1. Using alpha carbon centroids, what distance separates the range 112-130 and the range 85-104, in Å?
2. Give the carbon-plus-sulfur fraction of the accessible surface of the chain in %, rounded to a whole number; probe 1.4 Å, heavy atoms of protein chains only.
3. As an exercise, use a Förster radius of 25 Å and the Cβ-Cβ distance of ARG113 and LYS23 to find the FRET efficiency, rounded to the nearest 0.05.
4. Report the local net charge at PRO122: Lys and Arg +1, Asp and Glu -1, summed over other residues whose C-beta lies under 10 Å from its C-beta.
5. Would you mind checking which residues have amide H under 5 Å from ARG33's amide H? H placed 1.01 Å from N; only 5 or more apart, or other chain.
6. What is the sum of charges, Lys and Arg at +1 and Asp and Glu at -1, for the other residues whose Cβ falls under 15 Å from the Cβ of GLU57?
7. What percent does the relative contact order of the chain come to when contacts are Cα pairs within less than 8 Å and at least six residues apart?
8. If amide H atoms are built 1.01 Å from N in the plane of the peptide, which residues on other chains or at least 5 residues away come under 5 Å of the amide H of VAL150?
Amino acid sequence: MSIPLQNIVLVGFMASGKTFTSKELARRLGMERVSTDDLIVDREKMPITDIFAQKGEPYFREIERAVVRECARRRGLVIDCGGGVAAFDENWAALRPNSISFYLYAAPESVHRRTKGKTDRPLLNVDDPLSKIKELLAKRDPHYRKADFVVDSNEDNIGKVVHAIISILQDRPS
Ligand code: S3P
């Protein structure tokens with residue numbers, strides 16, 4: 001299969017499987033993978049929880065926007081977007097040209113099951129994470145659905161998600 005010159009953009013909620021899927025896609029397609037979160041951590045030289053705690057979410061979103069714009073200027077990337085990226089129209093405006101995008105849909109219960117007991121996602125470090133997940137996902141879902149394709153990512157079988165995306169890429173007219 002030929003490598004798309006477009007970027008492959010993965011969006012979706014926290015713990016929807018974007019990281020694993022993006023790594024596997026990049027490996028299978030021989031493309032370069034970037035993660036907006038990793039680029040932010042490299043740039044700020046501190047973990048995301050510390051950026052939120054010390055500098056606040058608006059600062060994080062500003063750096064995120066800059067990183068998204070930089071990724072969008074490049075070609076042939078698999079871009080693993082942090083869960084908040086697709087919630088902002090200007091990020092979509094930057095990412096959409098020359099890209100094919102996939103929303104990895106995971107229901108609140110799946111996200112909760114996968115994130116329970118972890119503390120690396122500042123937005124979920126609250127007393128009732130399931131309610132928070134439901135509230136945030138309800139707000140963000142319409143934005144995630146601006147992606148070209150929606151792929152179900154509720155089963156803990158990311159291989160299936162990768163397979164679904166590769167099938168879609170293969171079926172596209174070249
Ligand atoms: C966030 C998702 C995280 C990370 C940050 C904020 C969000 O990325 O960018 O904690 O707003 O949903 P993952 O989706 O990779 O967990």
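The values are calculated or read from the model by the stated rules, or taken from the named source; none is laboratory data. Everything numeric here is computed off the predicted structure, so don't read it as measured data. We place every Cβ from the backbone using ideal geometry, glycine too, and count neighbours over all the protein chains shown. Heads up: the accessible areas ignore ligands, DNA and RNA and are worked out on the full protein's heavy atoms, side chains in. Shrake-Rupley method; radii C 1.70, N 1.55, O 1.52, S 1.80 Å.
1. What the calculation gives is 25 Å, centre to centre.
2. Ligands and nucleic acids excluded, carbon and sulfur give 51 percent.
3. Between ARG113 and LYS23 the formula returns 0.75.
4. Summing Lys and Arg as +1 and Asp and Glu as -1 gives -2.
5. When sequence neighbours closer than 5 places are left aside, the close amide H contacts are VAL78.
6. Taking every other residue near GLU57 into account, the sum is +2.
7. 33
8. TYR103
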